[in-house]
1. I'd like the full set of residues that are within 12 Å of ligand 2 (Cβ to nearest atom) and either free of Cβ contacts under 8 Å to residues at least 60 places away in the same chain or crowded, with 16+ Cβ neighbours inside 10 Å (or both), limited to the stretch B:29-43.
2. Can you tell me which residues in the stretch A:292-324 are of a type in the set (D, E, K, R) and under 16 Å from A:THR216 (Cβ atoms)?
3. Just name the residue that is nearest to ligand 1 (Cβ to nearest atom) out of those in the stretch B:66-79 that are out of contact with any Lys or Arg (no Cβ under 6 Å at 6 or more places or on another chain) and within 21 Å of B:ASP40 (Cα to Cα).
4. Hey, does the stretch A:63-79 have a residue that's over 17 Å from the mean Cα position of the chain (by Cα), crowded, with 20+ Cβ neighbours inside 10 Å and more than 29 Å from B:ALA58 (Cβ to Cβ)?
5. Return a yes/no flag: does the stretch A:23-31 have any residue that is surrounded by 16 or more Cβ atoms within 10 Å (Cβ to Cβ) and within 19 Å of the chain's Cα centre (by Cα).
6. Can you name the condition, by its number, that A:ALA186 falls short on among (1) buried (at least 21 other Cβ atoms within 10 Å of the Cβ); (2) within 11 Å of another protein chain (Cβ to nearest Cβ); (3) touching a strand residue (DSSP E or B) at 6+ places or on another chain (Cβ under 7 Å)?
7. Checking the conditions here, which among A:VAL256, A:VAL168 is within 14 Å of chain B (Cβ to nearest Cβ), surrounded by 19 or more Cβ atoms within 10 Å (Cβ to Cβ) and β-branched (Val, Ile, Thr)?
8. Restricting the search to the stretch A:35-51, which residues are modelled with pLDDT under 85 and exposed (fewer than 15 other Cβ atoms within 10 Å of the Cβ)?
Amino acid sequence: MAKITIPFGPQHPALKEPENFMLVLEGEQISGSTINLGYNHRGMEKAAESRTYIQNLYLIERVCGICSHSHTTTYITNVEELAKAEVPQRALAIRTLIAELERVHSHLLWLGVAGYEMGFETLFMYTWRDREQVLDCLELLSGNRVHYSINTIGGVRRDVSAEQKAEVLKRIKFLEGRTQYYIKLALEEPTIAARTADVGRLPPEVALERGAVGPTARASGIARDVRKDEPYLLYDKLDFKLITHNTNDVFGRLVVRALELVESYKMINQVINNLPEGPISVKVPMKIAPGEAVNHYEAPRGEDIHYLKSNGTDKPERLKVRAPTMANLQSVSYMLEGGWLADVPLVIAAIDPCMSCTDRAAVWDQKKGKMAVYGWEELRKLGIEHYKHRGIDFSKL
Amino acid sequence: MIKPARVFGEVMRHLFKKPATCAYPFEKAKITERFRGRIDFDSPKCIGCQMCVRVCPAKAIEIKLSAEQPPAPVQAEGQPPVPAKRKFDCFMHLDHCVYCAQCVETCPKDALIMTQDFELAHTSRAALTRHYK
Ligand code: SF4
Ligand code: SF4
């Protein structure tokens with residue numbers, strides 16, 4: 001059969017985020033795919049270099065709307081490590097609480113998106129309505145639904161009162177009941193089984209080879225979770241299970257996320273019931289001691305890595321973010337191959353992609369098929385050439 | 001274990017439920033007390049230290065000397081003259097602000113106040129810069 005290549009995206013490929021997938025089709029079946037990144041590059045890492053550490057907090061929060069707490073916590077852990085700040089236990093507990101609430105909100109959102117992609121819109125409506133409960137919890141604790149801004153360098157900005165604890169516990173209890181229903185639905189409803197079983201297969205060896213992270217890896221039976229492997233915040237004191245599944249397909253990813261919700265509720269209960277007393281923040285000077293730090297964090301979508309280099313001023317010298325979607329995209333091209341065109345949106349949505357957090361800097365020369373790393377001089381030259389084409393000459397500067 | 005129409009009972013139950021949404025703008029939206037809305041300014045408290053301007057991540061605040069300054073207090077007899085307290089105005093660019101309330105936390109004199117005001121959309125761009133006197 002003749003092969004044809006069709007572009008999928010950058011306008012609305014499965015989700016409302018710009019990314020391009022070139023699919024090679026033989027009839028309805030996909031025989032190859034290439035992923036093109038870079039439609040959403042916002043220059044955040046560069047912008048971070050010209051802002052102070054405290055201003056960067058609000059910039060980094062906007063790397064991703066859904067993992068806003070994940071990114072700031074990873075960033076701030078780096079800053080605090082360099083500043084050698086002793087963060088109070090209560091602050092760490094509040095960060096853990098927000099982190100787990102964020103995971104609940106992200107996983108419920110994903111469950112809705114998955115329902116939508118498989119044509120099961122009832123599920124989408126139900127989960128998104130229930131997700132309002134956790135968003136209300138976040139609004140109650142932090143003030144806002146999406147950009148919580150609860151972190152500050154040296155601790156957290158807002159304390160948790162007794163009434164808030166009771167309110168959060170009440171809502172979590174309601175969500176526990178709903179989640180049990182969704183788990184039952186996922187396991188027994190024929191629509192879900194028919195649409196997700198054996199779709200987007202990712203065997204464990206391939207997942208390892210391509211560096212899959214988060215629920216995508218765990219659904220291929222790989223027990224990998226930063227919260228267990230290298231506990232941060234309070235995770236070493238919490239009792240929770242690492243969820244894996246061995247069906248290696250979209251169904252597995254659904255089950256892993258649904259069961260992780262239950263673990264998150266457990267953790268939220270533990271943190272709220274054993275909130276340590278004490279101050280919620282310590283003072284950290286504006287200028288951070290020179291040095292380098294790397295930290296990772298289990299964001300709802302997988303491992304998030306931040307690198308920070310300080311030169312002793314109040315602004316970072318370099319900040320590098322590796323968001324989980326970046327790690328999972330390699331696996332997507334494998335999952336698509338051999339599958340059907342109609343499954344593409346579902347397979348892409350199954351890694352819970354967040355393109356805007358992924359797009360930072362990757363230079364891929366398609367004609368030569370080579371990856372290139374640009375140094376400062378080359379970037380400068382490229383910039384000057386680019387502007388020359390547009391009639392502005394910067395070469396004398 | 002596949003059971004067809006698992007969701008059917010739930011769907012039927014939902015037919016008799018109240019909608020989960022509210023009829024905003026006819027009904028007032030519920031806002032929590034910690035919500036970070038428009039930042040307000042209390043001019044008599046401000047000492048013009050510019051700390052809020054320096055900390056703002058979005059370059060949304062400007063603090064400028066007011067056009068009209070209060071007169072210097074009357075000099076008491078036998079006392080050295082007391083300098084007049086300078087008065088400051090605040091220009092808040094609502095279109096730049098990201099509503100993080102970091103300025104409120106930084107201000108040493110509590111001259112900036114966080115409000116729960118969120119209905120800030122406007123048809124003219126100029127109206128988005130508020131001049132607090
Ligand atoms: S709320 Fe944040 S962005 Fe707005 S003026 Fe204050 S510091 Fe600037
Ligand atoms: S508002 Fe506060 S921080 Fe800003 S200049 Fe006035 S006193 Fe200083």
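1. Answer for the stretch B:29-43, where residues must be within 12 Å of ligand 2 (Cβ to nearest atom) and either free of Cβ contacts under 8 Å to residues at least 60 places away in the same chain or crowded, with 16+ Cβ neighbours inside 10 Å (or both): B:ILE39, B:ASP40, B:PHE41.
2. A:GLU298, A:ARG301, A:GLU303, A:ASP304, A:ARG322
3. B:ALA67
4. Checked against the condition, which is being over 17 Å from the mean Cα position of the chain (by Cα), crowded, with 20+ Cβ neighbours inside 10 Å and more than 29 Å from B:ALA58 (Cβ to Cβ), the stretch A:63-79 yields no hits at all.
5. no
6. (3)
7. Among A:VAL256, A:VAL168, only A:VAL168 is within 14 Å of chain B (Cβ to nearest Cβ), surrounded by 19 or more Cβ atoms within 10 Å (Cβ to Cβ) and β-branched (Val, Ile, Thr).
8. A:HIS41, A:ARG42, A:GLY43
The values are calculated or read from the model by the stated rules, or taken from the named source; none is laboratory data. Keep in mind that this is a model prediction, so the values were computed, not measured. For neighbour counting, all protein chains shown are included, and Cβ atoms are generated from backbone atoms with ideal geometry for every residue, glycine included.
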